[in-house]
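Below: the structure, in structure tokens.
Every read-out reported here was derived from the displayed coordinates using simple, explicitly stated rules and does not represent laboratory data. All of these numbers come straight from a predicted model, not from anything done at the bench. Note that we place each Cβ from the backbone using ideal geometry, even for glycine, and neighbour counts take in every protein chain shown.
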Amino acid sequence: MRILKTLSALSLVAVLATGCAATQTNVRAAQDPAVNLHSYETFGFFEQAPSNTRYSTILAQQLKQATRAQLEKQGYRYSDANPDLKVNVFLAVIERQEVRSSPGYGYRPWRNQIETNSYRQGTLGVDLVDAKKMALVWRGVAEGRFDQKAMKDPVPAINSAVAEVFAKFPAATARQAAAL
């Protein structure tokens, strides 16, 4: 059951970036104002496997790859051994219902017609933690609805959702500018 919940949560990323007109993605970020993010050089991931397994899912691996690619675009280097930043990626999915009311027509105009729409609301977050202080220094979050359409091919949607989160990251580092 926990594996199914984890797979369902990971599938959220696939849908955060779907191009459906009904899907809205809210992306925001927060940074510790006392920290210069450009002073860090390396990053690594916190170990994340479902608590009852000892392996990582394919979607979790893709999420890490997309996050790694975005951090490397920012000029950071990946390091398993003693990184400056530790990265935590988290997902949550909530079942929601939306109720819509429209005025009645015909011989009973006082009767409203009520329509209920069920959907899934998902949240993707990326935390960057100072590895020495174990303190959060930056968080990017994307929230939105998702549907079954992106489940068929989640990789492009995962890459897009993670890119949307990192679009809120502070301006390019000196290392990145030098690499261009």
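Miscellaneous remarks
- Amide H contacts under 5 Å for THR42: ARG77, ASP84, LEU85, restricted to partners 5 or more places along the chain or on a different chain, H placed in the peptide plane at 1.01 Å from N.
- The Cβ shell under 13 Å around TRP138 holds other residues with a net charge of 0, Lys and Arg each +1, Asp and Glu each -1.
- Taking ARG77, ARG96 and counting other C-beta atoms within 10 Å, the order from fewest to most: ARG96, ARG77
- Descending by average beta-carbon neighbour count within 10 Å, the peptides 32-41, 79-88, 158-167, 58-67 line up as 158-167, 58-67, 79-88, 32-41, the highest first.
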